[in-house]
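Below is one structure, written out as structure tokens, with a few remarks after it.
The values are calculated or read from the model by the stated rules, or taken from the named source; none is laboratory data. Predicted model, so just to flag it, every value in this text is computed and none were measured. Every residue, glycine as well, gets a Cβ built from its backbone with ideal geometry; the counts of neighbours run over all protein chains shown.
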Amino acid sequence: MTNQNDMLSPEAIKKIDREVAKYPADQKQSAVMAALVIAQDEKGWLSKETIAAVAGYLGMAPIAAYEVASFYNMYDLQPVGKYKLTVCTNLPCALSGGVHAADYVKEKLGIDFNETTADGRFTLKEGECMGACGDAPVMLVNNKRMCSFMLPEQIDKLLAECK
Amino acid sequence: MLEIEIDGKTLQVADGSTIIEAAHQLGTYIPHFCYHKKLSIAANCRMCLVQVEKAPKPMPACATPVTNGMKVFTHSELAVKAQKGVMEFLLINHPLDCPICDQGGECQLQDLAVGYGESASQYQEEKRVVPDKDLGPLVSTDMTRCINCTRCIRFTAEIAGFMELGQSFRGERAEVMPFIGKTVDTELSGNIIDLCPVGALTSKPFRFSARTWELSRRKSVSPHDGLGSNLIVQTKHDRVMRVLPLENEDINECWLTDKERFSYQGLSSAERLTKPMVKQGGEWKEVDWSVALDYASHALRDVAKTHGGAAIGGLLSPHATLEEMYLAQKLLRGLDSENIDFRLRQSDFSADGKRKGTPWLGMKIADIGRLDRVLVVGSFLRKDHPLVAQRLRQSAKRGAQISILHSADDDLLIKLAARAIAAPSQLPAVLAEVVKAVAELKGVAADPALAKVGAGLVDVNAAKKIAASLVSGSDGGKCAGILLGNFAQQHPQAATLSALAQQLAGLLGGSFGFLGEAANSVGGYAAKAIPTAGGLNAAAMLKDPRHAYVVVGAEPELDCADGAQALASLTKAAAVVVLSPFKSQAMLDYAAVLLPVSPFSETSGTFVNTEGRVQSFYAAAKPLGEARPAWKVLRVLGNLLDLNGFAFNSSEEVRAEALDGQPEFVSGLDNGIDGATLNLTASPNGLERVADVPIHFSDPLVRRAPALQQAADSAAPTARMNAATLAKCGLASGDKVKVGAGGTAAVTLPAQFDAGLPDGVVRIAAAHADTVALGAMSSVLSVEKA
Amino acid sequence: MALIDTINPLLTTGWSKGDAGWSLKDYEARGGYVQLKRILASKMTQDDLIAEVKKSVLRGRGGAGFPTGLKWSFMPKAAPEKYVVCNTDEGEPGTFKDRDLMRFDPHSVIEGMIIAAYAVGAKLGYNYIHGEIFDMYQRFEEALDQARAAGYLGNNILGSDFSFDLFAHHGWGAYICGEETGLLESIEGKKGQPRYKPPFPANFGLYGKPTTINNTETFAAIPFILGMGGEAYLNLGKPNNGGTKLFSVSGHVNRPGNYEVPMGTPFAKLLEMAGGMRGGRKLKAVIPGGSSAPVLPADIMMECTMDYDSIAKAGSMLGSGAVIVMDETVCMVKALERLSYFYFEESCGQCTPCREGSGWLYRVVHRIEHGEGRPEDLDLLNRVTDNMMGKTICALADAAAFPVRSFIKHFKSEFEYHIENKKCLVDPEVQRAGSGFFKAGAA
């Protein structure tokens, strides 16, 4: 039997513990969303082993953690590039160029949605509303960094700085 | 009570009822898929939408609580339009190829589509395809057919106690699945087949072998554990094709264990004995019944004549029917032998002669759910009595406190209030500590005999925690129950454990009882299949070899407390007459005559379950080959031996004589022991064996069921130890180890780490060919690296 | 009656310094936490507090518009364990006000939640923040640390016998968690699948305990309401539509952004504040309350005032106050296709009508947009939506249905043109120009 917790670094465990502490003692499972994000940040994506390790740490059935990991669309169940770009194409963004921004990135990178560049640098995803429609077009870089008003010039700049 | 109206009919319903429950009370059917009375309410299929007066929208009958004066319309235009709309949605992505679906003919979706579906669909897009999942050897999947009702998911989480299935992804891409690479391993997995309203989950062993309308159905009773689950046995051309639960809220509810559901495959085993056989000059010959019976009767008569009746021993399977046991004991007693027993795995018989009656559950099975405090003593509960574990699991959720005292901390998937895990030799001492602690909490004097129990030897704190839990129940423990499991009954100090449980129940004002190991653990007593004064019990007649044995339905090398000794004694005996549905190499080695008898499915008979309930059944199929019901074979043998009282025309007549009529429950149920002497000595030198009887190895039938033998619960035996014991023996998990039991025989097994075992204990399964050579289930072992 | 033709900043007073004005000292400098101190010092009763909120006729700002004071009064008094939860899972297309509240004035939300906890007797609270705005989640956590350090959170707040702690929980990409019971499931570490109601959260909420759950903007309004008095707040707006409201204006306007105006402000005024139509083009249609609200054509919309009752009368919903403005360059079929895809993508999969119906709707609209529409498709769409609406646990099925029905209702000829001619009524080049993407820097 391997110790599943070996899957997660001490730093990750520390961060997860901080999340667990937010909830009543008998509600560790509440921390699963944050814990999966912490694990994803560390590993790049969520393999079944990683998900099982998180489930084990929080005392959940592995499938219960997998349900969560597969339900929320910012978890990556497959490896992604170093930079995951998620472009919102929903209607309010599209009215201000969201779809065109996505098309522009596709052309620049030579990939379609859900594809990764050959050099493993970029993965492109189509996003749903990010709650920033006033800043359209918007895109997320690696889930946590929101970029606003992404017209061609700004996109060029972003792609250039993602090394 | 509330008064409501459903489709113009007025009725009274209990507060808190839902519309669907109220409608059920009235006999009004509301179509539904996700709703199931034993599962939490999901309200997701939306098929049960009905109209409620004043509600602007149709309401789900399964989730809408009834209010006083509510008027419900289940067939109004609004209701039917909603139901038809839902049916259309259910069908757009469901394959409409019922003729090639295994569920065809018994599919709720198919049935309801007839009533609520249209002949054609406006949905002309491509249908969704969902990849199938490998759930193991028992449940087959066709996930494209899944309608996401989530019954199977809720079953694993709520009834089986561990969420093995989930609904991953979302929206139209949602799919029911186990965790990646996992199978569904609960011992109750087959129930998800019954629960699945469509053909997404079907029986792997049964798949595509018959259509439901081709099958004949017979009610029957499970021949396995002491619960006596009610069955529907389905046959085609006299072959059992499938076993399903017959709902009985007092016993199995609507569930079956996988063992009960799939053991029928063993009925068609290649090892079925289909012709009488006799051994002549060391050679086995198939012979006519008359020859075989003649041979058997002569053999027994010869031994009785030469050596006296006491030279014959009778070993009866506790899975044999009441009628078989009754006639077998009558036959042996007719031959002047008192050596008769069905308690094959028992090792402590010191209570014999002191019992006030037949040991039993001590309560109704249904009453288990009413206990608010429970102490389970010596039981691999989840595997030995899965449906009792299930009842306790639900009790715990309702707030009952469950505790366990045992020698292995297997995950019962029950929320436990307290647990004490101790080596087998220490179980009596820990239980004594529980008794003392309860006495102290109650402010009464404990049995002075318990004073000498060595403090420091056992985990007193764990005992105190159990005691505190028991006493904290209503009225200081009046609703508490002490349940002694198979391990406690097989324990070398079983009588002491029983006496201590009796004391404990007495102090609490609660009850105590035994979880019957086998289908007829109570029936054997009722059939008088135990020795009376002067007779030898099962252990004694093997320890002290007899000249002849009559074996009914058992494989003593696997079914007795000391299989190695049983094998030796049988091999030595001059004549072993075996009545069995199966033959095995061991049998061919030791027997003189093999009489092919019917398994439970091919004979009428009776099992008396652990609560004393008399459950008779008819044959579901004709006997295979030349096999014959054992009660008939025993009757003829009695006649051939010129014994009196064998003139029975039916198994019912046998039952009537055995039970003195046709009672619903047998009489004489009493767990009391008069003048029990407590044996509280402990600590043998060396590593103690903890022997479980794995769920799929407990009896000859299940051992021959191929699909079950591939299940996770059928893994090959290992030598399990905790970290300290492994370290002490210089072992690592996975090492091959040589295990000996004092004698020369040794077996080689892989060592396996098991954190749930106490120190100084090696857990090695019994009832398995790989471990027979180790001998007694309770013993001291030597372990060394192989 | 307050003047209704000018901005009346209340919730947005603290926004003027942008990212430099969000911290505790800034908030305190503009009167922050004064109301909390007053309540604690005066030992205001829970009943009085709730009565004051009721007077304001503050209606839930998340979309449903349920009266806040009334919601608070549903909380059982005796329950030992209760929760207050803030819904900052802002994912309704067109809505982006709560993000700015988190960004510019998180302490107003914190103070509002503490006061709410006091009113309902909760000891623990959570703010569920949309995963896509993780920087705002981090800012909120920082604000919580500040509040905790200052004694506004924790045991015996400001020396009183009232204790309350508050934590942030983030989403990770699921629109359905904006539904309050889906959100509660999500905090419990599960999929955000909504629960069947009743029981409502006030009786069976987070961890099965009584829970008050309100939108971010609702909580943010509380300190201001208590500062000016419930009645004064009500009078800012119009009867039954108390106070001011944040409107997120997106789409074809010159200055997309959040605008706080009194309830009852004419739409025309709001449009003017947002800089008018981009490129001076003609207004075609407006979705006045987030993508789930029925679309209204320009002529109807221009007659509306921005409040619950006026928009409802016009056949739509004020919802979350997300005003999506569309000009004549928009193909309504394409616009609906994208919205239908959204609901198809975001359906949780629980209820049959939504799981199966949302995909069906999308596929039919998709084929119309792609020139494969059939004459019977519009009837089919209406029939499918009819079978979805009101048949599911939560309102997502209705939300998927409303756009379909309203787009077809108001722009039927455009759909029919598409089906007959297998192409857009609006020239693709015109559509392309509409987004402004290809003329970087254009106003």
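Assorted remarks:
- Identity of the residue in the stretch B:517-566, in contact with a strand residue (DSSP E or B) (Cβ under 7 Å, 6 or more places away or on another chain) and polar (S, T, N, Q), that ends up farthest from B:Gly661 (Cα to Cα): B:Asn537
- Yes/no for B:Ala157 being within 29 Å of C:Arg363 (Cα to Cα) and out of contact with any helix residue (DSSP H, G or I) (no Cβ under 6 Å at 6 or more places or on another chain): no
- Qualifying residues in the stretch A:55-75 (those that are of a type in the set (A, V, I, L, M, F, W, C), within 7 Å of chain C (Cβ to nearest Cβ) and assigned to a helix (DSSP H, G or I)) - the one nearest to C:Phe344 (Cα to Cα): A:Phe71
- Of the residues making up the stretch C:1-30, those that are hydroxyl-bearing (Ser, Thr, Tyr), at pLDDT 85 or above and assigned to a loop (DSSP other than H, G, I, E, B) are C:Thr12, C:Ser23.
- Candidates B:Ala554, B:Ala586, B:Ala619: the one that is in a helix (DSSP H, G or I) and not hydroxyl-bearing (Ser, Thr, Tyr) is B:Ala586.
- Near pairs, Cβ below 7 angstrom, 6+ apart or cross-chain, from the stretch B:74-93 (over 15 Å from B:Cys45 (Cα atoms)) to any residue that is among the polar types (S, T, N, Q): B:Thr74/B:Thr28; B:Ser76/B:Gln51; B:Leu78/B:Gln51
- Looking across the stretch A:46-71, the residues that are surrounded by fewer than 21 Cβ atoms within 10 Å (Cβ to Cβ) and either farther than 22 Å from A:Pro24 by Cα or charged (D, E, K, R) (or both) come down to A:Ser47, A:Lys48, A:Glu49.
- Filtered residues of the stretch B:87-106 (kept if closer than 17 Å to C:Glu356 by Cβ and assigned to a helix (DSSP H, G or I)): B:Met87, B:Glu88, B:Phe89, B:Leu90, B:Leu91, B:Ile92
- Selection from the stretch B:53-85 of residues that are over 16 Å from B:Ile4 (Cα atoms), within 12 Å of chain C (Cβ to nearest Cβ) and over 40 Å from the mean Cα position of the chain (by Cα): B:Pro56, B:Lys57, B:Pro58, B:Leu78, B:Ala79, B:Lys81, B:Ala82, B:Gln83, B:Lys84, B:Gly85
- Only one of the numbered conditions (1) part of a loop (DSSP other than H, G, I, E, B); (2) closer than 30 Å to B:Thr156 by Cα is not met by A:Ala52, and that is (1).
- Residue within the stretch A:19-35 that is away from chain C (no Cβ under 11 Å) and either polar (S, T, N, Q) or crowded, with 22+ Cβ neighbours inside 10 Å (or both) present: no
- Scan the stretch B:622-673 for residues that are assigned to a loop (DSSP other than H, G, I, E, B) and under 26 Å from B:Ile251 (Cβ atoms) and the total you get is 13.
- Residue within the stretch A:93-101 that is outside any helix (DSSP H, G or I) and within 7 Å of chain C (Cβ to nearest Cβ) present: yes
- Scope the stretch C:30-64; condition at positive phi and surrounded by fewer than 20 Cβ atoms within 10 Å (Cβ to Cβ); matching residues: C:Gly31, C:Lys43
- Test for C:Ser435: is it of a type in the set (Ser, Thr, Tyr) and buried (at least 22 other Cβ atoms within 10 Å of the Cβ): yes
- Lone qualifier among B:Ser714, B:Ser651 - being surrounded by 24 or more Cβ atoms within 10 Å (Cβ to Cβ) and more than 23 Å from B:Ala495 (Cα to Cα): B:Ser651
- C:Val404 meets all of the listed conditions (1) within 14 Å of chain A (Cβ to nearest Cβ); (2) surrounded by fewer than 19 Cβ atoms within 10 Å (Cβ to Cβ); (3) closer than 23 Å to C:Val286 by Cα but one, namely (2).
- Residue within the stretch C:289-304 that is in contact (Cβ under 8 Å) with a residue 24 or more places away in the chain, in a helix (DSSP H, G or I), within 30 Å of C:Leu378 (Cβ to Cβ) and under 20 Å from the mean Cα position of the chain (by Cα) present: yes
- Taken over the stretch B:143-173, the criterion of being within 14 Å of chain C (Cβ to nearest Cβ), part of a loop (DSSP other than H, G, I, E, B) and surrounded by fewer than 24 Cβ atoms within 10 Å (Cβ to Cβ) is satisfied by B:Met163, B:Phe169.
- Only listed residue being touching a Lys or Arg at 6+ places or on another chain (Cβ under 8 Å), more than 24 Å from B:Asp713 (Cα to Cα) and not in a helix (DSSP H, G or I), chosen from B:Ala396, B:Ala418: B:Ala418
- Close pairs (7 angstrom Cβ cut-off, 6 or more residues apart or separate chains): away from chain B (no Cβ under 14 Å) in the stretch C:326-353, of a type in the set (Asp, Glu) anywhere: C:Met332/C:Glu414; C:Val333/C:Glu369; C:Val333/C:Glu414; C:Lys334/C:Glu369; C:Glu337/C:Glu369
- Within the stretch B:298-314, not a single residue is more than 16 Å from B:Leu641 (Cα to Cα), part of a loop (DSSP other than H, G, I, E, B) and at pLDDT 95 or above.
- Test: residue in the stretch B:91-104 that is within 11 Å of chain C (Cβ to nearest Cβ) and within 38 Å of the chain's Cα centre (by Cα): yes
- Residue satisfying all of: in the stretch B:174-194; acidic (Asp, Glu) and either more than 16 Å from B:Ala712 (Cβ to Cβ) or in contact with a Cys (Cβ under 7 Å, 6 or more places away or on another chain) (or both); nearest to the other protein chains (Cβ to nearest Cβ) among these: B:Glu175
- Top-ranked residue of the stretch C:354-394 - restricted to ones that are hydrophobic (A, V, I, L, M, F, W, C) and within 7 Å of chain B (Cβ to nearest Cβ), ranked as farthest from B:Phe169 (Cα to Cα): C:Leu380
- Options C:Ala143, C:Ala150, C:Ala220; residue that is on the phi < 0 side of the Ramachandran plot, modelled with pLDDT of 95 or more, more than 14 Å from chain A (Cβ to nearest Cβ) and under 21 Å from the mean Cα position of the chain (by Cα): C:Ala220
- Scanning the stretch C:271-281 for residues that are surrounded by fewer than 22 Cβ atoms within 10 Å (Cβ to Cβ) and either closer than 18 Å to A:Ala94 by Cα or within 18 Å of the chain's Cα centre (by Cα) (or both) returns C:Met277, C:Gly279, C:Arg281.
- Selection over the stretch C:225-269 of residues that are surrounded by fewer than 23 Cβ atoms within 10 Å (Cβ to Cβ), within 14 Å of another protein chain (Cβ to nearest Cβ) and on the phi > 0 side of the Ramachandran plot gives a count of 1.
- Candidates C:Val109, C:Val85, filtered to the one that is under 23 Å from the mean Cα position of the chain (by Cα) and outside any helix (DSSP H, G or I): C:Val85
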